[in-house]
Structure formats: structure tokens, C-alpha cells
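Here the structure is laid out as C-alpha cells; the discussion comes afterwards.
The values are calculated or read from the model by the stated rules, or taken from the named source; none is laboratory data. Predicted model, so just to flag it, every value in this text is computed and none were measured. As a convention, Cβ positions derive from the backbone with ideal geometry for all residues, glycine included, and neighbour counts pool all protein chains shown.
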Number of protein chains: 2
Amino acid sequence: VTVNKPAKPLLQALVGERCGRAPWWLMRQAGRYLPEYRRVRAQARDFIELCLSPALATEISLQPVRRFEMDAAIVFSDILLVPHALGQKLEFREGEGPLLEAIEEGADIDRLTQHGALARLDPVFETVRRLAAALAPEVALIGFAGAPWTVAAYMIEGRGSRDFFRAKAFAYRDPVAFAALIDMLVAATIDFLAAQVEAGAEVVQLFDSWAGVLSEECFERWVIAPTQRIVASLSRRCPGVPVIGFPRGAGAHYERYVTATRVTAIGLDTTVSVGYARNRLQPLATVQGNLDPALLLVGGDVLARAVGGLRRALGGGRYIFNLGHGVLLDTPPENVALLARLLRQPIEVT
Amino acid sequence: VTVNKPAKPLLQALVGERCGRAPWWLMRQAGRYLPEYRRVRAQARDFIELCLSPALATEISLQPVRRFEMDAAIVFSDILLVPHALGQKLEFREGEGPLLEAIEEGADIDRLTQHGALARLDPVFETVRRLAAALAPEVALIGFAGAPWTVAAYMIEGRGSRDFFRAKAFAYRDPVAFAALIDMLVAATIDFLAAQVEAGAEVVQLFDSWAGVLSEECFERWVIAPTQRIVASLSRRCPGVPVIGFPRGAGAHYERYVTATRVTAIGLDTTVSVGYARNRLQPLATVQGNLDPALLLVGGDVLARAVGGLRRALGGGRYIFNLGHGVLLDTPPENVALLARLLRQPIEVT
């Protein structure tokens, strides 16, 4: 017996079916810009506890969808939970971002262990299960992970950075140890994403937020190759599950990334030209993006014009509307409500 | 009577003459990685006083050339001296980077004044004159300024940032006031660069360090258009003076930047592919770059291999060797000495 499942616009866009408008979600759609998030946040001792509490993380993931009716929920979690599960000491200090006990040499990598790592992430999978049960039938559920380069860069730097020079220098100085770290992260990421899919995620996104600091050679080795392995392995373990790659800052390397990694969809950062996206990327994959988050902060007519322009340029092909980066902390929720109204209107394609 | 001036390899590369090897200099070649810099730095009360002391700034500019025999000296100065001269309060706190009294609204821009601004920068021109007199005849002298977008971004943000969202939001919210700020910076930058050329600078570089955070539309408006105006005006006021544009992070927009602005040379950040540089940019302009500063930090064989690869790929055309970003603070001076030895060897072009 085949059951007719209701169509989910986001999944339709990923397989190239038309649904008459661009489906949408926003990176960091759940978070501090929402007052209801801040109330839930206050119930957990720290950010890690928040991510690993299925009740709180489920509620937070649902908040923006309830308010704005996006076409997808994304599980509330953090890309650094993988190193945490591998045994690296992690904390989030209020207002400071993440702090990890930085990897300084190969021996620090040897101390990490995949043994039991997946079990330590069980609360994330429980959140995914609860979300899958709670979401309306037309809303898709997105799982995610950090891509190996970006996660490794944080693990070596120990914190955020503008250029991740310490991580790059480590990779140049000791490529064997760095490759061992990347290999461990490839394996852990595949397990982590596959487990989210088994728990109910219908699509996964790989965040390579710091892909844009690498030379071409390092981009091939530390972005393209690991992503290829993850996509290939997921296509065997979870056949048909779409993968959205987001190599933020990849610039002129975007086309190579799409061709080589065989992702289903490509997340465009704010700098990507819509002409390039339409002519070079959209024939290869569904494109997702790339409204400047600063426009969502400003709102009003400026936002409306930019949204119209993006939808006219890309809405004729495989397209998911999103930002080029996460929602900014100071974004007024009413601007997101305006965006939701704009996106409900039918697209006029140029 | 025409006097036969000795050929300067850097200037030869800018006009497309061959000199048998790639001339070189390094962004931030004068600075904290050199112990002799730190000794001179201690003689000034603060960083602004250091930049505005011709005796100290001349000495600092000469230090790396004396040690490593680069093909050019660049005047020791800072891109934020222009807002300082326009009347914006600026300070540099040790270890914190620049702090400006941030522009919050149009009225803050109205309070800035070009009246007397150039005179407040006289010490920079005196440094240029002293350098022109002191340099060996084969060493070129580079003047510079920040490009209007990057300087405006600091003026609004008040400090460094990863994404300059506050500056972008200002430009979206009040494009008229932002355009007035850009116009003022275009005029001030032309005056500042022309005065450096009149004092003896033989080539100027425009640092657009934060060009890489802009959407395509903003890139056209706030990077391309102001740079076009500066290049066009300089070509009238200082005919024949080469301009090196450095739109760091411009990614897929590099080719458009070169074509539209008509810069003589284009600075490549670390992420630019050498194939793209050779095939798309080098036919249009002299290319400069783009060794990863992390490689100079690491040194040894890894550095030697990368330098060899870059020189073989780009050395067959118009090329100036440089980094893709400034010298890192922890760079061992002996690695720069190794680089100097490598660059003295003749190029084998592939």
C-alpha cells in the first residue's frame, strides 16, 4: 500500500519540482532575536545543556515556524557538538562565543575518540524525533553538521577567528596529523548526519562557514575532498536524502564545489552574484540564498525590493529562499513577518 | 638632457617590461614581527604619533628593505589616518586595534570636514619625501590609502568587525548619507594619494580590505564606482602613476573589478586561484600576490614549494610577488629571509 504523503515545498524544490513559489527558511531562524527564545534559553544552565535538552531544543526549533510559517524547521543544535562528543572540552561563555581547549599538536588529536561519540549526541536525535512528530505535514525537517574544515579550524583555533591562520598554519606544518583530524571528522559527520536522517530529518545541510579563508589547493584538499566523501557515503547510507552544501566565502570556487561534491543544493553567501548563480550554478543544483542579513535588519521597502529582485532572478529555476548568512541578533521579528508576507506572494520571473 | 634613470623592477612589472625575475614586496612588511620595529615603536606615545613622526615612520619603512632587500618600500602609515584628518576621533589601544568614535547618523557625517584635512597629513608626505631621498635607485616607493568602502565601514562600525553588518545596514537604511560619506572619502583619497605622489611615491595601492562582505549590488556601488573615480582622477592629476587595487575577498567579482576600475595592477588575496589569475586577470593587468601568510609563518620546504608553484604559474606574465594578506605578527624574520633567497633565483615558467 502506498500512502500519498502531502507535498513539502522545500523537498519539491530540492528535486526540481515546481510549487508556484520559492519555499524558504532562514539560517539561524531560531535564536536570540526572538523573545520566546530568550525565555526558553533562561531555563538551561548553559548553551550546551540547551542543545542537549530535547524538550527545550524542540520548543526552540518550533518557535520560528509557529510564528512565521517557514517551509522548514532546522533542529536547534551547534556545529561544535561533534568535537564535544569526540571528547574536546567545550564551553560557551555568555557574549563571547565558543571556547574549546585548543588542539596544539598531533598528540591532542590522538586523545580524541569516536568511541561512544554518537551516543553522547543521542539527545539531538531525540529532538529530531520529537520535531518529526510535531511538524505540520507540509513542513520539512532539516538536520545539519559543520563541515570538517570549519569544525577542525575551530578545534585548532580554540575559538572564532577572522582568518583562522593558526588552523591553516597547523595544516601546512603537519598535514599528516591534520588529515587524521579531518578523517575523524568525516567519519563522525557521516554518522551524525545519518543518525539525524534515521531519526526523521528529511534533508541535511553541511555548514562550511570558513571555507572562504583557504587557498585553492587547501580548498581542494580540506573542503572539496571531505565533502565529496560525506556526500557519497550519505547517498549510500540514506539513499535519496538531499544534501545542501554551504561553503561560505567560496567565491570563484562555487562552481567547482558543486560539480565536484555532487551536493543536491548549494547555499549562496551574500556576495554571490545572482547572474552567476542563475547561469552557472542553478543548472547544476538547487540554489539557496542569498539575501544580505543586513537587509532583514533594516526591513521596509529596501527589504521588499531586494526580495523581489532575488525571487525574479532565481525563482524561475530550482530555488530555496534564504539569507546569505544567519539572522542577526538585533533583527526585529516584525521584519521577518514582513519577509514571510512577501514570500507568500506569487513569483514574477524575469 | 634626458638622464638614464636606473630601472626599478617593480615599476617594470607594472608597465609589463620583463626583468628576469618577479619583483616583490610584502603587505605589512614593516611591523611588529621585526624586533627593530618594536624598538622604534617604543619611542612614540601611541600608534598615531608613530605614523605622524617622519623620523620614526621613515626608519620603520626602511627596516624591512634594509634587512631583506625587497623591490619596494611602502610608506609606514595607516588607512584610518584619513578619517582622523577629517576630524573623526581615533585611537589605537594596545592589542585591541583601532577605535573610532562611530558614525551613527547622517549628522555625524556632516560634522566631518575636508577643510585642513590634507595639512593634518603633512607628516606623511614628509615621510614620503625622506624615503624617496633615502632609497637605493632600484627600489620603488609605494604610497597607499584605504579605499572608500573599507574606510567608511570602519568609520561606521567604530572598530574592526568580521562582517561589518552595522556599516552595511547604515548604507541600506540611509543610502543618501552613506553616499555623502563615500563622496567625501573619494575626494580625500584622491588628494591624499596625489600628495603622496607629489612627495615622491611612484605607485599607489588602494586597500579595500573589506570588499568581500558586500552583495553584488553594493560591490558595484560602494567598491567599483568609487574606485573608478579615484583611478580616473589620479590618471589626470598624476599621469602615468600606476594604481594597484586590492579588493580583498572579491571572489568571482575580481575580473569585473579589474575591467571596470582600470587599475594598473590587481592584488590577489590568498583564495584566488592561480589558474583564474593567469587566464582571466593577467591579460588585463599586472597581478600581485597571493601567497598565504600562514605559509610564511610556517617556513621551510612547505614555503619553498608554494613559492616555486606561484612563480612558475604567474611568472611568465606581468607579476609582482606578494602575500595574499599582511605579514602575520608571529612570523619569524628568518622565514622572510628564506623567501628573499628563493625570490632571487631565476623563474622556471610552466
For A:ASP71, which of the numbered conditions (1) surrounded by fewer than 19 Cβ atoms within 10 Å (Cβ to Cβ); (2) farther than 26 Å from A:PRO175 by Cβ; (3) of a type in the set (D, E, K, R) fails to hold? (1)
Residue selected from the stretch A:29-64 under the condition assigned to a loop (DSSP other than H, G, I, E, B), over 21 Å from the mean Cα position of the chain (by Cα) and not polar (S, T, N, Q), by the criterion nearest to A:PRO98 (Cα to Cα): A:ASP46
Quick one: which of A:ARG159, A:ARG173 is free of Cβ contacts under 8 Å to residues at least 12 places away in the same chain and surrounded by fewer than 19 Cβ atoms within 10 Å (Cβ to Cβ)? A:ARG173
Leading residue by the ranking (nearest to B:TRP25 (Cα to Cα)) among those in the stretch B:186-211 that are buried (at least 24 other Cβ atoms within 10 Å of the Cβ) and within 14 Å of chain A (Cβ to nearest Cβ): B:ASP208
Enumeration of residues in the stretch A:111-132 that are over 20 Å from the mean Cα position of the chain (by Cα) and either buried (at least 24 other Cβ atoms within 10 Å of the Cβ) or in contact (Cβ under 8 Å) with a residue 40 or more places away in the chain (or both): A:LEU112, A:GLN114, A:ALA117
Matching strands (runs of 3 or more DSSP E) fully within the stretch B:244-350 where at least 3 residues are surrounded by 23 or more Cβ atoms within 10 Å (Cβ to Cβ) and of a type outside the set (Val, Ile, Thr): B:286-291, B:319-323
For residues that are farther than 28 Å from B:ALA294 by Cα, touching a residue at least 40 places away in the same chain (Cβ under 8 Å) and touching a Pro at 6+ places or on another chain (Cβ under 9 Å), tally how many sit in the stretch B:8-49. 2
Within the stretch B:88-104, take every residue that is part of a loop (DSSP other than H, G, I, E, B) and closer than 16 Å to B:ARG41 by Cβ and give me the one that is modelled with the highest pLDDT. B:GLU96
Of the residues in the stretch B:204-229, those that are under 17 Å from B:THR189 (Cα atoms), part of a helix (DSSP H, G or I) and small (Gly, Ala, Ser) come to B:ALA211, B:ALA225
Filter result for A:GLU105 (in contact (Cβ under 8 Å) with a residue 24 or more places away in the chain and more than 20 Å from the chain's Cα centre (by Cα)): yes
All but one of (1) at pLDDT 95 or above; (2) within 18 Å of the chain's Cα centre (by Cα) hold for B:GLY160, so report the exception by its number. (1)
Scan the stretch A:110-128 for residues that are touching a strand residue (DSSP E or B) at 6+ places or on another chain (Cβ under 9 Å) and assigned to a loop (DSSP other than H, G, I, E, B) and jot them down. none
Out of all the residues in the stretch A:129-185, which are within 24 Å of A:GLY97 (Cα to Cα), within 14 Å of another protein chain (Cβ to nearest Cβ) and part of a loop (DSSP other than H, G, I, E, B)? A:ARG159, A:GLY160, A:SER161, A:ARG162, A:ASP163, A:PHE164
Of everything in the stretch B:256-268, what is of a type outside the set (A, V, I, L, M), out of contact with any Pro (no Cβ under 7 Å at 6 or more places or on another chain) and more than 9 Å from chain A (Cβ to nearest Cβ)? Give them in sequence order. B:THR259, B:THR261, B:ARG262, B:GLY267
When you go through A:ALA285, A:ALA277 one by one, which is the residue that is in contact with a strand residue (DSSP E or B) (Cβ under 8 Å, 6 or more places away or on another chain), free of Cβ contacts under 8 Å to residues at least 40 places away in the same chain, within 11 Å of another protein chain (Cβ to nearest Cβ) and over 27 Å from A:GLY95 (Cα atoms)? A:ALA277
Filter the stretch B:37-63 down to the residues that are of a type in the set (Gly, Ala, Ser) and within 18 Å of B:GLY95 (Cβ to Cβ) and list them by number. B:ALA42, B:ALA44
Given the conditions (1) more than 21 Å from B:ALA117 (Cβ to Cβ); (2) touching a helix residue (DSSP H, G or I) at 6+ places or on another chain (Cβ under 7 Å); (3) part of a loop (DSSP other than H, G, I, E, B), report the number of the one that B:ALA201 does not fulfil. (1)
Answer with yes or no whether B:VAL307 is more than 14 Å from every other protein chain (Cβ to nearest Cβ) and out of contact with any Pro (no Cβ under 6 Å at 6 or more places or on another chain). no
What do you reckon, is A:THR189 within 20 Å of A:VAL287 (Cβ to Cβ), in contact with a helix residue (DSSP H, G or I) (Cβ under 6 Å, 6 or more places away or on another chain) and not in a loop (DSSP other than H, G, I, E, B)? no
Checked the stretch B:212-230 for anything buried (at least 19 other Cβ atoms within 10 Å of the Cβ) and either free of Cβ contacts under 8 Å to residues at least 40 places away in the same chain or charged (D, E, K, R) (or both); matches are B:SER215, B:GLU216, B:PHE219, B:ILE224
Checking B:GLU49 against (1) surrounded by fewer than 17 Cβ atoms within 10 Å (Cβ to Cβ); (2) of a type outside the set (Phe, Trp, Tyr); (3) at pLDDT 95 or above; (4) within 30 Å of B:ALA171 (Cα to Cα), which single condition isn't satisfied? (4)
If you scan the stretch B:213-252, which residues turn out to be within 14 Å of chain A (Cβ to nearest Cβ), touching a Phe, Trp or Tyr at 6+ places or on another chain (Cβ under 8 Å) and not hydrophobic (A, V, I, L, M, F, W, C)? B:PRO247, B:ARG248, B:GLY249
